[in-house]
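To keep things clear, I will list the structure first and then write my remarks on it.
The values are calculated or read from the model by the stated rules, or taken from the named source; none is laboratory data. All of these numbers come straight from a predicted model, not from anything done at the bench. In this analysis, Cβ positions are derived from the backbone assuming ideal geometry, glycine residues included, and neighbour counts consider all displayed protein chains. In case anyone asks, the SASA skips ligands and DNA or RNA and just uses the protein heavy atoms, side chains included. Shrake-Rupley method; radii C 1.70, N 1.55, O 1.52, S 1.80 Å.
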Amino acid sequence: MSAALNQALTRLDGIILGKSDQLRLALACLLARGHLLIEDVPGVGKTTLALALAKVLGLDFQRIQFTSDLLPADILGVSIFESRDGSFHFHPGPIFAQLVLADEVNRASPKTQSALLEAMEELQVTTEGQTRALPQPFFVIATQNPSNQIGTFPLPESQLDRFLMRISLGYPPPAAEKALLLERERRDLLLDVTPVLTPADLLQLQQQVRAVNTAPALVDYLLALIQRTRELPGLRQGLSPRAGLALRRAAQAWALMQGRQGVIPEDVQAVFPSVVSHRLQASAEHSGDTISAEAILEQVAIP
């Protein structure tokens, strides 16, 4: 299976140029059964990344374009009266897919954003008094424009905490951007992409991630990092137990991608900034300060 993972990364590298680290983090997030938030300016390849992941992993894909007038029913689905049999039939919304792209999620109102909470946490949705399971595997990739742009609503902390990782693509390196201008359009390349994995393969890999060993000393290192965030005076609050579990799962997925059956401190350090940066909020007294995940890593000794 490691060969298939390497092949998947190679194909992704051929579509999203110059962003190998971000692609590996995105794949680790999916293997860890998490959800991914991509925050960046328009036009750097956020949507293309989601499409490429769906194609390479062989997942059923749906895109939801978030706008200010989007309603929760537009996401979850609605029951419609069918005259032929005189009854209501539920028509599933786009949330019923294996990979859901919530495009520009912070352009929708908080009420609409909250429609994703149950789906992301419990892999189910409750509509009209009935609970319906979502397909497996289930991933949400949300894109977010910078909060200083017009027409955006900030994501509440409860929503941010549902995302295992947040990454930023940024502008491509000069050599990669030159290749983008010389080669075929990225969307045209996607038409030729064939799946490397199947949903069943992905579920098996997720089970393997759970089996990756986390030694007691490594757990102590995770706890020390979490405790450090709770002691820093510039933070509104430290990392929650859910964030600690997310950090462990992400480190396990990274270790598996590196071909290891046990987590080492370097695995934790590789995923730590992406897992915790969106969960660290500055307190009111330190609102102008920048809380660096890298600085927290430097302050905690490796066992």
Segment 1-17 - residue that is open to solvent by 50 Å² or more (accessible area, probe 1.4 Å) and small (Gly, Ala, Ser) and, of those, farthest from the chain's Cα centre (by Cα): ALA3
Exception for GLY45 within (1) crowded, with 21+ Cβ neighbours inside 10 Å; (2) at pLDDT 90 or above; (3) on the phi > 0 side of the Ramachandran plot falls at (2)
List the pairs whose first member sits in segment 215-234 and is farther than 18 Å from ARG249 by Cα, whose second member is of a type in the set (Asp, Glu) and open to solvent by 40 Å² or more (accessible area, probe 1.4 Å), and whose Cβ atoms are under 6 Å apart, counting only residues at least 6 apart or on separate chains? GLY234/ASP289
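Working only within segment 234-257, note down all residues that are part of a loop (DSSP other than H, G, I, E, B), out of contact with any Asp or Glu (no Cβ under 8 Å at 6 or more places or on another chain) and open to solvent by 20 Å² or more (accessible area, probe 1.4 Å).
Listed by number, the residues that qualify are ARG236, GLN237.
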In segment 10-22, anything assigned to a helix (DSSP H, G or I) and in contact (Cβ under 8 Å) with a residue 24 or more places away in the chain is listed as ARG11, LEU12, GLY14, ILE15, GLN22
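Name the residue, out of LYS55, LYS111, that is within 28 Å of LEU181 (Cα to Cα) and touching a residue at least 12 places away in the same chain (Cβ under 8 Å). Break it down stepwise before answering.
Working: LYS111 fails: within 28 Å of LEU181 (Cα to Cα).
Just one listed residue meets the conditions, LYS55.
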Members of segment 80-112 that are open to solvent by less than 30 Å² (accessible area, probe 1.4 Å), assigned to a strand (DSSP E or B) and closer than 19 Å to GLN124 by Cβ: LEU99, VAL100, ALA102
Residue by residue through segment 48-63, note down the ones that are under 14 Å from the mean Cα position of the chain (by Cα) and open to solvent by 20 Å² or more (accessible area, probe 1.4 Å). LEU51
Report yes if THR127 is open to solvent by less than 50 Å² (accessible area, probe 1.4 Å), closer than 30 Å to GLN281 by Cα and of a type in the set (Ser, Thr, Tyr), otherwise no. no
Checking ARG260 against (1) exposed (fewer than 14 other Cβ atoms within 10 Å of the Cβ); (2) modelled with pLDDT of 90 or more; (3) in a loop (DSSP other than H, G, I, E, B): exactly one of these is not met. Which one? (1)
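Report, by residue number, each residue of segment 154-192 that is part of a helix (DSSP H, G or I), in contact (Cβ under 8 Å) with a residue 40 or more places away in the chain and open to solvent by 60 Å² or more (accessible area, probe 1.4 Å). Spell out the reasoning first.
Keep residues of segment 154-192 that are part of a helix (DSSP H, G or I), which gives 157-160, 174-182, 186-191.
Subsequent filtering for residues that are in contact (Cβ under 8 Å) with a residue 40 or more places away in the chain retains 157-160, 175-177, 179-180, 186-187, 189-190.
Across segment 154-192, the qualifying residues are GLU157, ALA175, GLU177, LEU180, ARG187.
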Scan of segment 267-303 for residues that are among the acidic types (Asp, Glu), modelled with pLDDT under 95 and either open to solvent by less than 50 Å² (accessible area, probe 1.4 Å) or assigned to a helix (DSSP H, G or I) (or both), ordered by number: GLU285, GLU294, GLU298
Exactly one condition in (1) more than 26 Å from ASP188 (Cβ to Cβ); (2) among the small types (Gly, Ala, Ser); (3) open to solvent by less than 20 Å² (accessible area, probe 1.4 Å) is false for ALA26; which is it? (1)
I'd like to check something: does segment 64-76 contain any residue that is outside any loop (DSSP other than H, G, I, E, B), open to solvent by 50 Å² or more (accessible area, probe 1.4 Å) and of a type in the set (S, T, N, Q)? yes
Do you know which residues across segment 200-221 are β-branched (Val, Ile, Thr) and either open to solvent by 50 Å² or more (accessible area, probe 1.4 Å) or closer than 17 Å to CYS29 by Cβ (or both)? VAL209, VAL212, VAL219
